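Enquirer: Input: one structure, supplied below.
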């Protein structure tokens, strides 16, 4: 009796670098699964550091997106892109120590927003995240173009990043 269940695709024996088409599909599936697991672990690592509030979790996500590539997940200036920069990224865990125990949230806001640029960044290697966050928030308005609301949401996102960086202080 013939089977009612048929495979989702028919292996025609087509040759690929992996052998048959079935092997190629399986190899691709394994790669996708490994990449998904790695992304999940990275995301969970950032979010698990401090889930005390929704705003702080959002700040952690924005830090991961905007800062971690250069400053590292731990904020020590050891991100995967750090070696590509002319000036090494700052160790964000030492900000309070540099300011004698005070965390200068207002100054950090201006740096993240792009209103103040440190001399060490020279020709502005550090992206201006205030502008990026604003454009992302404008895109979220589904064409409503509520510029003031988008600016406020961008400000809140910057504040979330600043508060997340505060949690990284030694």
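The values are calculated or read from the model by the stated rules, or taken from the named source; none is laboratory data. What you are looking at is a predicted structure, and each value in this text was computed from that prediction instead of being measured. Heads up, the Cβs are rebuilt from the backbone with ideal geometry, glycines too, and the neighbour counts pull from every protein chain shown.
Enquirer: Keeping to the range 89-117, report how many residues are without any contact (Cβ under 8 Å) to a residue 40 or more places away in the chain and closer than 24 Å to residue 133 by Cα. Lay out the reasoning, then the answer.
Expert: Filtering the range 89-117 for residues without any contact (Cβ under 8 Å) to a residue 40 or more places away in the chain gives 89-91, 98-102, 104, 106-107, 110-111, 114-117.
Narrowing further to those that are closer than 24 Å to residue 133 by Cα: 89-91, 104, 106-107, 110-111, 114-117.
Selection size over the range 89-117: 12.
Enquirer: So, in the range 63-88, of the ones that are under 15 Å from the mean Cα position of the chain (by Cα) and in contact (Cβ under 8 Å) with a residue 24 or more places away in the chain, which residue ends up surrounded by the fewest Cβ atoms within 10 Å (Cβ to Cβ)?
Expert: Once the filter is applied, the top-ranked residue is 74.
Enquirer: Does residue 93 satisfy being modelled with pLDDT of 95 or more and in the same structural domain as residue 64 (by TED's automatic domain parsing)?
Expert: Details: modelled with pLDDT of 95 or more: yes; in the same structural domain as residue 64 (by TED's automatic domain parsing): yes.
For residue 93, the condition - modelled with pLDDT of 95 or more and in the same structural domain as residue 64 (by TED's automatic domain parsing) - is met.
Enquirer: When the residues of the range 136-170 are narrowed to those that are assigned to a loop (DSSP other than H, G, I, E, B) and at pLDDT 85 or above, which ends up surrounded by the most Cβ atoms within 10 Å (Cβ to Cβ)? Spell out how you get there, then give the answer.
Expert: Of the residues in the range 136-170, the ones assigned to a loop (DSSP other than H, G, I, E, B) are 141-146, 168-170.
Keeping just the survivors that are at pLDDT 85 or above gives 168-170.
On the way: 168: 21, 169: 14, 170: 10.
Ranking the candidates gives 168 first.
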